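Worksheet for the structure shown next.
The values are calculated or read from the model by the stated rules, or taken from the named source; none is laboratory data. Not measured: the values here are computed from a predicted model. Glycine also receives a Cβ, built like all others from the backbone with ideal geometry; neighbour counts cover every protein chain displayed.
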Amino acid sequence: MSSAARPVTITVTAVTAAILLTACASSTPKPLEHGTVKKKDHDAARPSTPIYEDRYRETNCRTVTTNALTLTGISRPSTGGSASRSTTSGGSGGGGASKVKPGSPNKLDKDSSSGSNGSASGGKRSSRRVCDRQYLGREQTGVQQHPAVWKVLIVKDKRSNWKEVTETKWRTIKVGDQI
């Protein structure tokens, strides 16, 4: 095979595979609409169900300002025998993996000229509003209806499907009818 024909063959193979995958995915048959009625069923209307929603009120609102923390070596494998790092278990850190305590948060020094935004290591500051929620109770916001459902089982060849129909059509249809 020539070097010029190879890219064309690869492209044709890829396009053919894509067409076959699309054809297989879209070959799912649509629900059965017509056939022989084998069974009739009816779900009676049920009483309406109220829909409730919990209501809350925001209280004790405040603004919280935080700095980005620099955490170094939260979980770092130990090279063995080094006692220079303090571990969470208080051991010497020799052998295996040891967990190192996280670093301390950045301290704000507003008079310092070393940081661009006033923190000792240049951490980012962010503010957000935080409120407590007080439960006020439940309130009815609507009603969910449960109407009657009239349906027939339609069979054609080896396929079957339940189809919803109107009440008048359901009363006139008999088992064995073609619809």
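Residues are listed down the side, and each one gets a yes or a no for (1) of a type outside the set (Ser, Thr, Tyr); (2) modelled with pLDDT of 90 or more; (3) surrounded by fewer than 10 Cβ atoms within 10 Å (Cβ to Cβ); (4) over 32 Å from the mean Cα position of the chain (by Cα):
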position	(1), (2), (3), (4)
PRO29	yes, no, yes, no
LYS40	yes, yes, no, yes
LEU69	yes, no, no, no
PRO77	yes, no, yes, yes
SER84	no, no, yes, yes
GLY94	yes, no, no, yes
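I'm checking my understanding of the structure. Among residues of segment 42-61 that are small (Gly, Ala, Ser) and exposed (fewer than 12 other Cβ atoms within 10 Å of the Cβ), which one is nearest to GLN145 (Cα to Cα)? The selected residue is ALA45.
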